[in-house]
Amino acid sequence: MGRLDGKVAFVTGAARGQGRSHAVRLAEEGADIVAVDLCRDIGTVDYPLATPEDLAETVRQVEALDRRIVARAADTRDPAALRAVLAEGVAELGHLDVVVANAGIAPMSGRPKLQAWSDVIDVNLIGSINTMQAALPHLGAGASIIATGSIAAMISNETSGNPGGDPGGTGYMWAKRTLASYVHELGRTVIPRNIRVNAVHPTNCNTDMLHSRPMYRAFRPDLENPTREQAEEIFPTMQGFAVPYVEPGDISAMVVFLASDESRYVTGMQMRVDAGAYLKLYDWHV
Ligand SMILES: NC(=O)c1ccc[n+]([C@@H]2O[C@H](COP(=O)([O-])OP(=O)(O)OC[C@H]3O[C@@H](n4cnc5c(N)ncnc54)[C@H](O)[C@@H]3O)[C@@H](O)[C@H]2O)c1
C-alpha cells in the first residue's frame, strides 16, 4: 500500500531534476501524475533547460511503475496553457489532490540584465503562482499544495553574498522570498476549505541547474570562467553539514510527506531541506 494511493498530483518542471524525482517518487507511492515542462530554452538562462525527450523519459519512468501520467509541454508563465493541461489531466485521471509548483530558472549573470530580472520573476514567482491558482478550482478538502522555494529566499547579501551579483541573481532571491510570503498568505486563505499550503526550500541540489555556468560563476565570482571542480570547492561552504549538495530524492522525501495525509495538520510551513545551511548562516532566528 502506497502513502499516496488514489491521489493525483500536478508537477511542474517535471522533465528532469527535482521535478522528475518528485513525479517518480509520488508515483512510487501510488499517485497518478499530471506533468508539465517548458521543454525549450529561455534566452537569458545560460544553460539548456529540459527537452521533450527529457519529459518523455519522465513519462517512461512513471508508466514503468504502473501509474498513469498526462504530460504536456507547457509554460508556467501562461495561465491558459496550465488551465488547459489541468482540464485534460482531471478529465483523464478523475480529480486533483496535490500540486507541486517546482519549475524554475537560475539566470544569474543573464543578459540583457533587466530581461534576466523579468524572466526570473516571471518564471519563479508568477509561474509558480499561476500553477497554484490554475489548480485551485480543482482542489477540495484534504488537498495539498507545495511550492519549491530555495534557501536563497532566506539568505541576504550580508550573510552569503548575492548569487550572481546582478539583476538575475537578486531577482532569483526576491522571487523565492516573495513566493514564501505568497505560500503563507494562500495558506491562510484556503484554511476554511481544509486545503494545506507549504513551501520546500532546498539548499544546493544535485541537478543541471546547480551544475551550470551561471551557478559556477555565482559561487566563484573571483574567477572568469570557473570549472565544475573550482565551483565544487566552494559548494560545501553553503551547508552546515560537510556536503556539497543534497540529492533530488532528499527534496522528494519532504514533498511526499507534505503530499500525503501523514502531514494532514501541517500547513503554512517553510520546510528547509538544507543540510543546516540556515543554521550555519543565522546565529539565532526563529
Ligand atoms: N538545484 C539547486 O541547487 C536548487 C536549490 C534551491 C532551489 N532550487 C529550485 O528547485 C526547482 C527545481 O530546479 P532543479 O534544481 O530541478 O533544476 P532543473 O533546471 O533541472 O529543473 C527545472 C525544470 O523547470 C523547467 N522549467 C523552467 N522554466 C519553466 C517554465 N516557464 N514552465 C515550465 N517548466 C519550466 C525546466 O525545463 C527544467 O526541467 C526550481 O524552482 C529551483 O529554483 C534549486
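Every residue, every condition in (1) under 17 Å from A259 (Cα atoms); (2) near the ligand (Cβ under 9 Å from one of its atoms), yes or no:
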| residue | (1), (2) |
| --- | --- |
| E88 | no, no |
| H95 | yes, no |
| A101 | yes, yes |
| I121 | no, no |
| A134 | no, no |
| H138 | yes, no |
| I146 | yes, no |
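Could you please give the count of residues in the range 204-237 that are closer than 28 Å to V99 by Cβ and not in a strand (DSSP E or B)?
The total comes to 10.
All but one of (1) out of contact with any Gly (no Cβ under 6 Å at 6 or more places or on another chain); (2) closer than 26 Å to I126 by Cα hold for A218, so report the exception by its number.
Here A218 meets the rest and fails (1).
For the range 71-94, indicate whether the set of residues that are open to solvent by 50 Å² or more (accessible area, probe 1.4 Å) and within 21 Å of R177 (Cβ to Cβ) is non-empty.
yes
Of all the residues that make up the range 1-21, how many are of a type in the set (S, T, N, Q) and in a strand (DSSP E or B)?
Adding up the residues that qualify gives 1.
If you take the residues of the range 206-224 that are closer than 23 Å to G240 by Cβ and in contact (Cβ under 8 Å) with a residue 60 or more places away in the chain, which of them is farthest from the ligand (Cβ to nearest atom)?
Taking the candidates together, the pick is P221.
Given the conditions (1) under 16 Å from M209 (Cα atoms); (2) open to solvent by 20 Å² or more (accessible area, probe 1.4 Å); (3) modelled with pLDDT of 95 or more, report the number of the one that K176 does not fulfil.
The failed condition is (2).
Just to check your reading of the model, which residue among S156, S144 is open to solvent by less than 30 Å² (accessible area, probe 1.4 Å) and modelled with pLDDT of 95 or more?
Answer to the check: S144.
Just one of G13, G6, G2 is within 13 Å of the ligand (Cβ to nearest atom) and either open to solvent by 10 Å² or more (accessible area, probe 1.4 Å) or within 17 Å of the chain's Cα centre (by Cα) (or both); which is it?
Just a single option satisfies the conditions, and that option is G13.
Checking the condition under 19 Å from S128 (Cβ atoms), open to solvent by 40 Å² or more (accessible area, probe 1.4 Å) and either more than 13 Å from the ligand (Cβ to nearest atom) or of a type outside the set (K, R) (or both), which residue from T203, T227, T189 passes?
T189
If I go through the range 57-81 residue by residue, how many of them are free of Cβ contacts under 8 Å to residues at least 60 places away in the same chain and either in contact with a strand residue (DSSP E or B) (Cβ under 8 Å, 6 or more places away or on another chain) or near the ligand (Cβ under 10 Å from one of its atoms) (or both)?
So the count comes out to 16.
The values are calculated or read from the model by the stated rules, or taken from the named source; none is laboratory data. Model, not experiment: these values are computed from the prediction. All Cβ positions, even for glycine, are placed from backbone atoms using ideal geometry, and neighbour counts span all protein chains on display. Please note that ligands, DNA and RNA were not included when accessible areas were found on the heavy atoms of the full protein model with its side chains. Shrake-Rupley method; radii C 1.70, N 1.55, O 1.52, S 1.80 Å.
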